[in-house]
Every structure is written in structure tokens, then in C-alpha cells.
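The structure appears right after this line, and notes come after that.
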Amino acid sequence: MKPQELVRPEILALAAYHVAPSEGMVKLDAMENPYPLPPALRRELGEVLARVDLNRYPDPSAPKLRELLARKMAVPAGMELLLGNGSDDLIQVLSLALARPGAAVMFPAPTFVVYSMNAVFSGMRAVPVPLREDFSFDAGAFIERMRAENPALVFLAYPNNPTGVLYPEKDVLEVIRACPGLVVVDEAYHAFAGKSFMPRLPEFPNLLVLRTVSKLGLAGIRLGYLAGRPEWIAQFDKVRQVYNVNVLTHAAALFVLERLEVLEEQAALIRKDREELKKELVRLKGVQVFPSAANFFLVRVPDADRTYEALRRQGVLVRNLHPGIRNCLRITVGTPDENRILLTALREAP
Ligand SMILES: *Cc1c(COP(=O)(O)O)cnc(C)c1O
């Protein structure tokens, strides 16, 4: 018996999500915050984690953590939170819950690949709608397509990954108003964008806001949250794995989020360094830089494969999006030192 005979054909056709080996590299490929927690906090956190009862299941209702997140992230009164093992987990929950036969999920493209992956897993019909050549959002075309496809679910990454572009607020509002289904505004990069739909949740019955602590500096603990009306959250809550957020993540999140200002200061530093890096990137010959409201840049070079390899040989890891996105590399904003190493390598790249 072979996998080909039993595994669903659409799974056989998938390529596994590729994560490049990164040991010893300047790691600018995954939009991580380059700054660790301050040493004193790390020690204190170590003591907190040592007291966690690893023999016990986590409390799946996690009232303290939800209350803390709601307070720190200014979730409007009356809205509820669903926690996930990263926001990837919540994208899966949404897809599984809404995958009625023939149901469609729509998103501008290119965008975060996890949306389309979960369409395949859940059996939803994925409808990618191309962004313009410059990766700006054609709200008119999107809305017209929504009328034809009647999607149950729309994902708008705000700002978008892998382009960094922040769609105009009025375009997003038009999509929310015109959508016959749920609109999930994915704010993975909210700390770098300075814009959010969180305060507007109460205005729209079909709006959900998806967040993660990953890009803020806690990618390793895997914690995402979905904010929305209690009647929606109650349905999605049935679909998640009962113990999807583990006890160490609970404890670490409670500890660090109480001290959110530490991460917010790091995010402010990254925003400043993003502007510095942009000034240098646009001066490089043959490099086109797309506008970014996130902690990374999408750049187009004459030959992305060649530049990617040249950077890798010099110890710098970025994300090569070619050929999916022609001759484009996605580069995370690192520390000032890392950004200098990147720029030097780029200047020397063939
Ligand atoms: C990185 C990213 C996520 C994934 O976040 P996790 O919480 O780490 O799973 C979700 N959405 C977008 C747009 C992202 O870029």
C-alpha cells in the first residue's frame, strides 16, 4: 500500500512548508523581533516557568490570559477572545468551522500562504484575487469578485505579508460592508503599522480581528488570538483543540504581557530602524523597494535566485519568493548591526 493510494490527492499535490536552516546565520527571513528579553526579565521568567505544573493540563478557558490580553490590546467591551497555538491555529479553526460544502474563502494575492493551505485542508474553495502590479489593493475588483463568489470568509492581512503594503482603511471598510460572509482582518504586524481595526469591531457584525504575539517578540511561545462578537467566538471555540495553548505558553504570556512596554519599546526601535534601512535600500542600484508598514521589506532585484545565494554565502538569510513573486526577496528588519551586514552583502551581491 502506498501513500498515493490513500492520501487525498490535494494533499499529495501540496509542497511542505519550507523553513531554511538558519544556524549561525544573520536571520532575516521570518519577521522575528531580533531582540531578546532583557537578562533580568529572563531570569525572573525562568523562575516563573519552574513553578508551572507540567503534570497538569492547561485550563482551556484561560480566563486570566484572555482578560490580560483584552486589557493590554484594547479589545472593545462586549467583544470576546479565542486563543490559539499561534494565529495559524486560528486560521485553521475558522476554515474548519466555515467549510460548508462549496463555501469559498477569498483573499488578495499574493498573501500569507496559510490561508490557502487551510482552504485545502478544510475543503474550502480558495479564491485568490490578484493585487495590482505594484501590490496595491484593487478594492473595486475584489468587491466585484465577492459578488460572484459569495465567500463565507475573507482574509485581509493588514498590513499584508509578503508585500508589507497597508491597504487604505477606506478600502477595507468597503470590503467589510460589501462582504456577505465574515471578514478577518489579520493584524499580525499591528505593532509596526500604527493602524488597527480593533476599535471598530463593535461597528460591524461580520468583522473579526486576528492577532499574534509572534512578530512582537514571542514567536517561540506560539500564541494567537481572535477578537470578535461572542456569538461567533462561541462557535469557533467548539472547533479548536481543547488544550491548544500549553501551560508554558500560558505562564510565559502572563508574565511578559504584564510587561508589554518592553516589547513595545523594541517595536518602536524596529520601526525607527525600518526607516533607516529603507533609506539605504532605495539607494542600491537595481533594487526596487516596496512600501512597508510592517517589520520587513519586499524588494525586487534583477535576479532574486542569484542575490539570495550571494547573501546566503555571506551568512545572511532572507526569504526568496521567486518564482512565485518574480525576482522578489523578503527581508526582515534586524538590529542595526544585522542591517549593516545585510547592506554590505547586498552591495557586494552580483
Ligand atoms: C506571521 C503571520 C501570521 C502567523 O502568526 P503565528 O501566530 O506565528 O502563527 C499570521 N498572519 C500573517 C499575515 C503573518 O505574517
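Computed values, structure above
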| item | result |
| --- | --- |
| Arg313, Arg306, Arg274 arranged by Cβ crowding within 10 Å, fewest neighbours leading | Arg313, Arg306, Arg274 |
| Alpha carbon convex hull of the stretch 122-201, volume per residue in cubic angstrom | 107 |
| Ranked Tyr57, Tyr167, criterion: other C-beta atoms within 10 Å, fewest first | Tyr57, Tyr167 |
| With at most 16 other Cβ atoms within 10 Å, longest stretch of the chain clear of loop GluC sites (Glu not before Pro) (DSSP) | 134-257 |
| Net dipole in debye of the stretch 164-245 [+1 Lys, Arg Cβ; -1 Asp, Glu Cβ; about Cα centre; nearest 20] | 220 |
| Alpha-carbon Rg/Rh ratio, for the chain, with Rh computed the Kirkwood way | 0.96 |
| Whole-angstrom Cα spans of the stretch 236-350 along principal axes, big to small | 50, 32, 26 |
| Cα Rg, Dmax, the stretch 52-259, angstrom units | 16.6, 54 |
| The stretch 232-268: trypsin sites (Lys or Arg not before Pro) in DSSP loop, at most 16 other beta carbons within 10 Å | Lys238, Arg259 |
| Dipole of the chain, positive end: most advanced residue of Phe155, Val113, Ile325 [Cβ charges, Cα centre] | Ile325 |
| Rounded Å value of the spacing that divides the Cα centres of the stretch 76-99 and the stretch 296-321 | 34 |
| Trypsin sites (Lys or Arg not before Pro) lying in DSSP loop within the stretch 74-180, provided at most 11 other Cβ fall within 10 Å | Arg132 |
| Share, in percent, of DSSP beta bridges within the chain that are antiparallel, nearest 5 | 50 |
| Value of D in µm² per second that Stokes-Einstein yields for the stretch 1-89, Kirkwood Rh from Cα pairs, at 20 °C (1.002 mPa s) | 116 |
| Size-normalised alpha-carbon gyration radius of the stretch 106-154, reference 2.2 N^0.38 Å | 1.13 |
| Exposure proxy order (Cβ contacts within 10 Å, fewest to most) of Asp88, Asp303 | Asp303, Asp88 |
| Within straight-line cross-link reach of Lys27, lysines at Cα separation under 22 Å, skipping those fewer than 8 residues along the same chain | Lys215, Lys272, Lys278, Lys279 |
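Read the figures in this text as sums done on the coordinates, not as results from a lab. It should be emphasised that the depicted structure is a prediction, and the values quoted were computed from it without experimental measurement. Neighbour counts are summed over all protein chains in view; Cβ atoms, including those assigned to glycine, are modelled from backbone coordinates with ideal geometry.
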